[in-house]
Each structure stands twice: as C-alpha cells, then as structure tokens.
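Quick notes on the structure that follows.
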Amino acid sequence: MPTPHPVAEPASTALAEIEQALTRLTHLAGRARQHERVMAESGLALDRAAAAVLQHIAGGEPSRPGVLAARLSVEASHVTRQLRHLERAGYVVRVADPADRRAQLVRLTGAGLAAVERMREVRRRGMEMALSDWTPGELRQLAVLLRRLLDDFVTHTESALDAGSPTRGAGERRT
C-alpha cells in the first residue's frame, strides 16, 4: 500500500497561528508585571509610557515630539508629558532642529542611553533564559525569520500608507 502524503496545512491556518502567537507574545512582553521586573532589575523608576518613549528615541535619530507621537500612535500631549518627565530626570534634552530653528528635536543624554542599555540588558537576560534550550542554529533561524517578518511588515504597511489606505487615521502622517 502506498505511503500517504501529508496534507499541506492551509496558509490561512498557519497565518492564524502566527497571528495568535504574536498577539500572545506582545501581551506577555507588554504586561505590567514584565515592566515592573525590568524596572526593578535595571534600577530604574519609569512608568511604561516613559520607558516606551525613551526606547523609541533610542531607536533612531533625534526626532520632533510630533513624530514620536505618530510613531507611538498616541496623542502628542501624551508624548509631551512624558518628555517633560524624562527631561527632568536627565534622560533627554531638546535641541533646535537644524532644518527649522523654530522646531525642537529630542535626543538622549548619556544618562538616557545608559538607562536604555540597562533595560535592554535585563530583557536580553530574559530572552536568554526563555531560549536556553534552543540550539544556535534554531536561534539563527528565528533571528532571520523575525527580521524578514519585520521588514515585510514595514514594507507592506508603508506601501498601504503611501497608497492612501483607509488604515491611516485622521491627522496621522507618514514618518
């Protein structure tokens, strides 16, 4: 009797599993208990919103507050409030935008960079524990696939925004 061929899993089933896993992972990474652990182990006292703003600033070039708000999908007033807190704590400074002296850019200070590095180190240790049973090959494969997933999300999201997709919110601008 011939050996039956495995039935290919429909792409929609795999996509649903991926979406569910990403949703669960996002939930686990973003919950309050996780944030409290990162703050305690890094020796910082930032609320989740301030930590998110600080990490976003660390992820690129100095940005205008309005651009940060758009990237974080929050109201500009929320970012402004967090920036005041981060500025008082010595983590960020506002500097004149060389392209438009009327505007300001926000950039990290040395203390801000050190705070971000402490948070990253705590998260890195957590990843090491969670993935301790994975082989180096599996880790490389996961890194490649996650990088590809991120690149494809950015490519397709930007394409949809450029095409005037209805997913763009009122007043939202492309960054």
So what's the gap between the Cα centers of the range 13-31 and the range 62-134, to the nearest angstrom?
25 Å
Whole-Hz ³J(HN,Hα) from phi, Karplus 6.51 cos²θ - 1.76 cosθ + 1.60, for the range 66-77, glycine and proline x
x, 5, 4, 4, 5, 5, 8, 6, 10, 5, 4, 5
Work out from phi, with θ = phi - 60° and the Karplus expression 6.51 cos²θ - 1.76 cosθ + 1.60, the ³J(HN,Hα) of each residue of the range 46-55, listed in order in whole Hz, and give x for Gly and Pro.
10, 6, 4, 5, 5, 4, 5, 5, 4, 5
Can you compute 3J(HN,Hα) from phi for each residue in the range 37-42, using the Karplus curve 6.51 cos²θ - 1.76 cosθ + 1.60 with θ = phi - 60°, rounded to whole Hz and x for Gly and Pro?
5, 4, 5, 5, 6, 8
Ranked output for segments 117-125, 18-26 by mean other Cβ atoms within 10 Å, highest leading, reads 117-125, 18-26
Interchain or long-range residues, amide H under 5 Å from Ser63's placed H
Val106
Just the number, please: Stokes-Einstein D of the range 25-140 in µm²/s, Kirkwood Rh from C-alpha pairs, 4 °C, 1.567 mPa s.
84 µm²/s
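Can you classify the range 9-67 as rounded, prolate or oblate using the Cα gyration tensor, where a ≥ b ≥ c are the square roots of its eigenvalues, rounded means a/c under 1.5, and otherwise it's prolate if a/b beats b/c and oblate if not?
oblate
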Mean separation of Cα contacts under 8 Å (6+ apart) over length of the range 1-158, as relative contact order %
19 percent
Long-range HN-HN contacts of Ala103 with modeled amide H, under 5 Å:
Asp97
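Every read-out reported here was derived from the displayed coordinates using simple, explicitly stated rules and does not represent laboratory data. Every value quoted in this text rests on a predicted model; they were computed, and no experiment measured them. Backbone-built Cβ (ideal geometry, glycine too); neighbour counts: all protein chains shown.
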